[in-house]
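Coordinate-derived values only; no laboratory data. Bear in mind the structure is a predicted one, so any value in this text is a computation, not a measurement. Here the Cβ is made from the backbone with ideal geometry for all residues, glycine too, and neighbour counts use every protein chain on show.
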Amino acid sequence: MVSEEEKIEFLKELVSIYSPSGKEEKVAKFLVESFESFGVEAYIDKVGNVIAEKKGKGNKILLAGHMDTVEGIIPVRIENNYLWGRGSVDAKGPLAALFFAFIESKANLIFASLVDEEGFSKGAKNLNVSKPDFIIIGEPSGVDAVTIAYKGSLTMKFVEKVEKFHGSLSSKGAAEKLIEKWLELSRDFSEGFDKPSGRILRFEAYERDFDFYGEMIVNIRTPIGYEPPIKGEILDFVPAYEVSIKSPLVRAFVRAIRKNGAKPRLKKKSGTADMNILAPKFGVDAIAYGPGDSKLDHTPYERLNLEEYLKAIEVLKAALEEIKIL
């Protein structure tokens, strides 16, 4: 067994390695070296994912987290039993919990630390491992909760070109036409899992020679079965995903959380995760679990409660014991 102090030190080192999307190499090397220190073989695949396997008993379970973060440096420090730092919640805390669950469990496991989750999920889309029976995604759910659903993500580009006209006229230029498109797209936006939401990622309008030009890139978080009222050029699309509350995987986590003294909760999130890609890719049930408050994701206040982190490892180990005999 690994001591609590070692688990905390590992997490601190992991968070201390700045790794925004596209710059995950140092984290990958750290993880491979860490696996080797525990006598586990690991390797970096062609897109930069870190892969390790453990032959154990029962169902084969894929533990998949991501090692990239959004940009923005937060000085790494421990204050009042909280570890501050970019990625402490999203999602190096959950990734570290998966790491130690892998090390300490006797289940039949594949570990995958993925690149580019905060971008276009190149790591998940190119993951090449043997088919698991179940998937656990490392994302912050809170130690007492299991995430059973994520919205999808639709990124589209709209381009307008309008012949120049005098400013005294009331005609619509490229920028105005793009604004109208955004208003049409966003008319049904609302909070909650069953409604779309979104934002403008980029908006540019300019003049050139005899024309007005405009370009707008938008991202819409989509509920299951969503069709946009208007369509642009689709740059990326990941459908929404939801696992049944009757899934044996969900039930295994509910029992594991109860065994560790908490009242389990089931969550549906308005974000998007690699769960949306990996569950359909392998055709098996998936959930997301990990320590941390997802409201702190991407913020300047990102910090992880260390007691929750350690408890999440125990919940994961208990869940793996449940899942391997399903």
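Using the crude model of +1 on Lys and Arg Cβ and -1 on Asp and Glu Cβ, and no other charge, please compute the dipole size for region 1-123 relative to its Cα centre, in debye to 20.
Details: 15 positive and 20 negative charges, 74 e Å.
Here region 1-123 has a charge dipole of around 360 debye.
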Rh_Kirkwood(the chain) over Cα pairs, Å, one decimal, evaluates to 20.9
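As a test of understanding, state the convex hull volume per residue of region 152-238 from its alpha carbons, in Å³. Provide the component values of the computation, followed by the final result.
On the way: hull volume 7.9 nm³, N = 87.
Convex hull volume per residue, Cα atoms: 90 Å³.
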Residues Y206, Y150, Y226 in order from fewest to most other beta-carbon atoms within 10 Å are Y206, Y226, Y150
In degrees, nearest 10, the alpha-carbon axis of helix 248-259 is tilted away from the dominant principal axis of the alpha carbons of the chain by 60
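Nearest 20 debye, what's the magnitude of the dipole of the chain about its Cα centre given +1 on Lys and Arg Cβ and -1 on Asp and Glu Cβ?
On the way: 47 positive and 50 negative charges, 218 e Å.
For the chain, the charge dipole is close to 1040 debye.
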Using 1/(1 + (r/R0)^6) with R0 = 35 angstrom and r between the beta carbons of L183 and K246, what's the FRET efficiency to the nearest 0.05?
-> 0.30
Measuring from label point to label point, each 7 Å out along Cα→Cβ, what is the R202 to I234 span in nm?
-> 2.0
Karplus-derived 3J(HN,Hα) from phi for region 74-85 (6.51 cos²θ - 1.76 cosθ + 1.60, θ = phi - 60°), whole Hz, x at Gly and Pro, runs 10, x, 7, 7, 10, 9, 6, 6, 10, 9, 8, x
For the residue pair V47 and E176, what label-to-label distance in nm results when each label sits 7 Å from Cα along the Cα-to-beta-carbon direction?
-> 4.4
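Would you mind working out the magnitude of the charge dipole of region 152-238 relative to its Cα centre, with +1 at each Lys and Arg C-beta and -1 at each Asp and Glu C-beta, to the nearest 20 Debye?
Numbers: 13 positive and 16 negative charges, 19 e Å.
In debye, rounded to 20, region 152-238 gives about 100.
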